[in-house]
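Take a look at the structure below.
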There are 2 protein chains.
Amino acid sequence: MSRYPKPSVTVDIVVFSIFDDHLKVLLIKRGRPPFEGRWALPGGFVEIDESLETAARRELAEETGLRITTLEQVHTFGDPGRDPRGRTISVVYCGLVQADQVSPKAASDAATVSWFSAFRPPALAFDHQQIIRCAIERLRQKLEWTTVGYELLPRRFTLAQFQRVYEIILQKPVDKRRFRRKILAQGELVEGGRARVPGSNRATKHYSFRRPHA
Amino acid sequence: MSRYPKPSVTVDIVVFSIFDDHLKVLLIKRGRPPFEGRWALPGGFVEIDESLETAARRELAEETGLRITTLEQVHTFGDPGRDPRGRTISVVYCGLVQADQVSPKAASDAATVSWFSAFRPPALAFDHQQIIRCAIERLRQKLEWTTVGYELLPRRFTLAQFQRVYEIILQKPVDKRRFRRKILAQGELVEGGRARVPGSNRATKHYSFRRPHA
């Protein structure tokens with residue numbers, strides 16, 4: 001349809017999880033050039049007849065074995081020169097998972113797959129460090145206008161656990177009273193009984209999300 | 001770099017303004033197929049050596065004569081079948097302008113250029129109706145976590161004018177007290193004297209943004 005040279009189009013996927021009290025990102029070690037042996041986000045070329053989201057889901061499954069229901073588009077990176085092979089435009093998706101419910105494993109295209117600190121990842125291929133920063137920024141913005149945490153928390157959780165998710169993402173303390181007022185006002189939580197706090201006589205309320213949990 | 005068929009990559013630009021008490025969007029009448037004679041967003045193909053944002057700025061200027069400093073990427077649309085010419089992925093940018101400070105005019109590629117209601121545009125080419133809805137949704141989300149209005153308000157404005165901008169975008173009434181408290185708490189406004197309310201003896205405070213206004 002166009003007489004002009006066309007860029008290549010890829011998808012890259014930023015999968016976040018929270019464990020060991022840190023925000024983690026899932027990376028693969030590249031098994032081929034360019035940047036062979038470097039860590040990178042899972043991703044690859046969009047096929048001519050698949051939607052962008054389908055491509056993201058497929059590449060993630062192929063490279064890490066993960067199947068994520070909810071992937072959200074974050075941003076498209078297209079600076080000329082970001083890929084040494086030639087002009088490449090990458091549409092970036094983000095997904096959140098509970099790490100203990102998934103077991104990523106390297107598949108065909110990637111040599112190794114592992115979790116790293118999202119704030120201090122190793123040296124990365126392409127502009128993937130910038131992409132991760134952008135995805136963190138988007139996640140932080142999202143906290144301001146909606147409830148984030150559904151995919152990151154266990155089925156039943158305390159408000160203290162929920163608050164800690166926000167603190168880990170924002171990398172700063174969150175005021176307990178304001179947080180509870182805001183979260184409860186959004187009407188997305190239902191109370192689910194009380195449980196003894198380990199090593200104490202106190203009991204803490206547990207909550208779950210109103211939506212059916214995956 | 002790739003043996004596989006590549007999609008084409010375009011940019012489309014959603015320019016919003018507020019006047020006549022409505023949210024308006026800038027459209028061009030297409031001067032050539034496909035969808036010749038239909039209204040559409042300004043946009044076109046990304047050149048192989050220009051960044052996505054540069055392409056958006058260039059296409060907007062070529063098709064409407066508008067030069068906008070701040071364009072923000074909104075979303076990338078890539079469903080197979082969205083362009084009858086073949087697989088086309090469009091990266092969408094959004095800009096805000098004061099309509100009385102610009103005078104868009106049709107240039108080379110477009111037959112006519114005009115403002116329309118963003119909520120009730122005419123029949124549009126491609127998936128541009130869906131793109132406009134997505135840009136409105138993003139604008140609404142943005143109101144939740146930052147101050148929107150800098151580009152839409154005159155240099156000096158009243159809080160009532162500012163509130164009206166929010167109401168027009170959200171399409172619902174905004175609580176005056178909560179709005180004022182929230183806006184003033186963000187610390188981005190400076191007071192700029194008082195002006196007589198036309199047809200009354202009252203005087204109203206005027207404000208301007210702390211940043212240098214373009």
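The values are calculated or read from the model by the stated rules, or taken from the named source; none is laboratory data. Since the structure is predicted, the reported quantities are computational estimates derived from the model, not experimental observations. With ideal geometry, Cβ positions are generated from the backbone for all residues, glycine too; neighbour counts draw on all protein chains shown. SASA here: full protein model, heavy atoms, side chains in, ligands and nucleic acids out. Shrake-Rupley method; radii C 1.70, N 1.55, O 1.52, S 1.80 Å.
Out of B:Gln98, B:Gln73, I need the residue that is within 13 Å of the chain's Cα centre (by Cα) and at pLDDT below 90. Which one? Only one candidate qualifies: B:Gln98. When segment B:82-92 is filtered for residues that are part of a loop (DSSP other than H, G, I, E, B) and more than 9 Å from chain A (Cβ to nearest Cβ), the ones remaining, listed by number, are B:Arg82, B:Pro84.
For the structure I just gave you, tell me whether A:Ser90 is under 24 Å from B:Gln73 (Cα atoms), surrounded by 15 or more Cβ atoms within 10 Å (Cβ to Cβ), over 11 Å from the mean Cα position of the chain (by Cα) and in contact (Cβ under 8 Å) with a residue 60 or more places away in the chain. Yes, satisfied.
Considering each residue of segment A:1-9 in turn, none proves to be more than 14 Å from every other protein chain (Cβ to nearest Cβ) and surrounded by fewer than 23 Cβ atoms within 10 Å (Cβ to Cβ). Taken together, B:Gly192, B:Gly199 contain a single residue that is touching a Lys or Arg at 6+ places or on another chain (Cβ under 7 Å) and either over 25 Å from A:Thr146 (Cβ atoms) or open to solvent by 90 Å² or more (accessible area, probe 1.4 Å) (or both), which is B:Gly192. Just one of the listed residues (B:Phe126, B:Phe179) is at positive phi and either within 14 Å of chain A (Cβ to nearest Cβ) or touching a helix residue (DSSP H, G or I) at 6+ places or on another chain (Cβ under 7 Å) (or both), namely B:Phe126.
Residue-by-condition table, conditions (1) under 30 Å from B:Ile89 (Cα atoms); (2) open to solvent by less than 50 Å² (accessible area, probe 1.4 Å); (3) of a type in the set (Ser, Thr, Tyr):
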site: B:Ala123; (1), (2), (3): yes, no, no
site: B:Thr146; (1), (2), (3): yes, yes, yes
site: B:Lys176; (1), (2), (3): no, no, no
site: B:Arg181; (1), (2), (3): no, no, no
site: B:Tyr207; (1), (2), (3): no, yes, yes
site: B:Arg211; (1), (2), (3): no, no, no
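Screening the candidates B:Leu52, B:Leu27, B:Leu23 for the property of being in contact with a Leu (Cβ under 7 Å, 6 or more places away or on another chain) and either open to solvent by less than 10 Å² (accessible area, probe 1.4 Å) or within 30 Å of B:Glu167 (Cβ to Cβ) (or both) yields one hit, B:Leu27. Got a sec? Which of B:Asp49, B:Asp79 is touching a Ser or Thr at 6+ places or on another chain (Cβ under 8 Å) and assigned to a loop (DSSP other than H, G, I, E, B)? The unique qualifying residue is B:Asp79.
Based on what the data block shows, is A:Ile132 at pLDDT below 95 and either buried (at least 17 other Cβ atoms within 10 Å of the Cβ) or away from chain B (no Cβ under 14 Å) (or both)? For A:Ile132, the condition - at pLDDT below 95 and either buried (at least 17 other Cβ atoms within 10 Å of the Cβ) or away from chain B (no Cβ under 14 Å) (or both) - is not met. Applying a threshold of 8 Å to beta carbon distances and a minimum spacing of six or more residues, or different chains, the list of pairs starting in segment B:35-49 at a residue that is within 14 Å of another protein chain (Cβ to nearest Cβ) and ending at one that is assigned to a loop (DSSP other than H, G, I, E, B) and open to solvent by 70 Å² or more (accessible area, probe 1.4 Å) reads B:Phe45/A:Tyr4; B:Glu47/A:Tyr4; B:Ile48/A:Tyr4; B:Ile48/A:Pro5.
Among the residues that make up segment A:12-22, is at least one of them within 14 Å of chain B (Cβ to nearest Cβ), of a type outside the set (Ser, Thr, Tyr) and touching a Ser or Thr at 6+ places or on another chain (Cβ under 7 Å)? Yes, there is a match, as at least one residue in segment A:12-22 is within 14 Å of chain B (Cβ to nearest Cβ), of a type outside the set (Ser, Thr, Tyr) and touching a Ser or Thr at 6+ places or on another chain (Cβ under 7 Å). What's the total number of residues in segment B:30-49 that are open to solvent by less than 60 Å² (accessible area, probe 1.4 Å) and under 22 Å from the mean Cα position of the chain (by Cα)? Residues in segment B:30-49 being open to solvent by less than 60 Å² (accessible area, probe 1.4 Å) and under 22 Å from the mean Cα position of the chain (by Cα): 8 in total. Does B:Arg58 count as over 20 Å from B:Trp115 (Cβ atoms) and without any contact (Cβ under 8 Å) to a residue 24 or more places away in the chain? Yes. The residues of segment B:64-79 that are facing another protein chain (nearest Cβ under 8 Å) and open to solvent by less than 60 Å² (accessible area, probe 1.4 Å), listed by number, are B:Gln73, B:His75, B:Thr76, B:Gly78.
Against the conditions (1) closer than 30 Å to A:Ala56 by Cβ; (2) out of contact with any Gly (no Cβ under 7 Å at 6 or more places or on another chain), B:Thr64 satisfies every one except (1).
Scanning segment A:155-169 for residues that are under 14 Å from A:Asp21 (Cα atoms) and either surrounded by 18 or more Cβ atoms within 10 Å (Cβ to Cβ) or not acidic (Asp, Glu) (or both) gives A:Ala160, A:Gln161, A:Phe162, A:Gln163, A:Arg164, A:Val165, A:Tyr166, A:Ile168, A:Ile169.
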